[in-house]
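All remarks here apply to the structure that follows.
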Amino acid sequence: MSISPDMRRKDLVMPEQRALDTLERGFRGWLATAGADGSPYCIPLLYVLMDGQVYLHYTIARGHLRANIDHESKVCFGVDEPDEVFAYGRFECDTGLAYRSVVLFGEIRVISDTGTKQKFCQRLMAKYGKQDWNRPKDFFPRLDQITVCAITRHRITGKETSLPEISRQWPAMDRTKSPPAPTPERGDTGT
């Protein structure tokens, strides 16, 4: 197993339990795989966190994703929760984003057990379905038409930036990081 590099921005690191909580409540994740020629492939998927693993599904038809999974089981899975864009300084580039993001590194495997696929579908509908849908519960007649996969976690990282209070945002507080703008008084002509 290869070890992922440490996070550069240690000041933004989220504790592991908070990263797992963010992963559990995330809406959509991005699965990144590598093909036989080394080309990356990344797709958005709905998912559930179940029994300590990330479960997801796609069609039974064999395409690009399945070819990559069959070639290389090491994958990366990420989710994010964007919050708000905010200004912290005088210039357009002095702008930040409040967010949470989680990246999970692990190995993916295809699940063939019908009971596990049934349990996955139940959890998926509990997470994404609407309570007022008047439809039969726990009835999934097309389990043989989907591929369910589980990602076993080797490593998880999470980062977050909180939205500063209004009193810490520009113009109430100026935390400009950019150099001063050119001015004619200083001889800056821009030519």
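Values quoted throughout were computed directly from the atomic coordinates according to the rules given, and no laboratory measurement underlies them. A quick note: this is a predicted structure, and the numbers were derived from the prediction, not measured. Quick reminder, even Gly has a Cβ in these numbers, built from the backbone with ideal geometry, and neighbours come from all protein chains shown.
Points worth noting:
- Here the extension length gained between D144 and T161 equals 1.9 nm, from 0.36 nm per residue of separation less the Cα-Cα distance.
- Charge dipole magnitude, Cβ of K and R +1, D and E -1 - the chain, Cα centre, debye nearest 20: 560
- Contact order normalised by residue count of segment 1-157, Cα under 8 Å, 6+ apart, percent: 27
- One decimal place: the segment R28-K177 gains 50.3 nm when fully extended, by the rule 0.36 nm per residue minus the C-alpha distance.
- 3J(HN,Hα) along segment 136-143: x, 8, 6, 10, 10, x, 10, 4 Hz, from the Karplus curve 6.51 cos²θ - 1.76 cosθ + 1.60 with θ = phi - 60°, whole Hz, x for Gly and Pro.
- Relative to the longest principal axis of the Cα atoms of the chain, helix 114-128 runs at roughly 40 degrees.
- A simple rule links phi to the HN-Hα coupling: the Karplus curve 6.51 cos²θ - 1.76 cosθ + 1.60 with θ = phi - 60°, which for segment 87-99 gives 9, 10, x, 6, 10, 4, 6, 8, 9, x, 10, 7, 6 Hz, with x for Gly and Pro.
- Backbone geometry of segment 47-53 corresponds, through the Karplus equation with coefficients 6.51, -1.76 and 1.60 at θ = phi - 60°, to 3J(HN,Hα) couplings of 7, 9, 9, 9, 6, x, 10 Hz, x marking Gly and Pro.
- Separation of segment 1-54 and segment 112-158, taken as the distance between their Cα centroids, equals 19 angstrom.
- In this rough spin-label picture, where each label sits 7 Å from Cα along the Cβ direction, the H154-R123 distance is 2.2 nm.
- Sorted by Cβ density within 10 Å, fewest first, the residues M173, M125: M173, M125
- In this structure, the pairs whose alpha-carbon distance is over 27 Å, taken from K74/K177; K74/K119; K10/K119; K119/K159; K10/K74; K137/K159, are K74/K177; K10/K119; K119/K159; K137/K159.
- Counting neighbouring Cβ atoms within 10 Å and putting the fewest first, the residues W170, W30 line up as W30, W170.
- Site pair E84 and T59 shows an inter-label distance of 4.2 nm when each label is modelled 7 Å from Cα along Cα→Cβ.
- Close amide H partners of R155, meaning residues 5 or more places away or on another chain with modelled amide H under 5 Å apart, are F105.
- Interchain or long-range residues, amide H under 5 Å from Y88's placed H: T95, G96, W170
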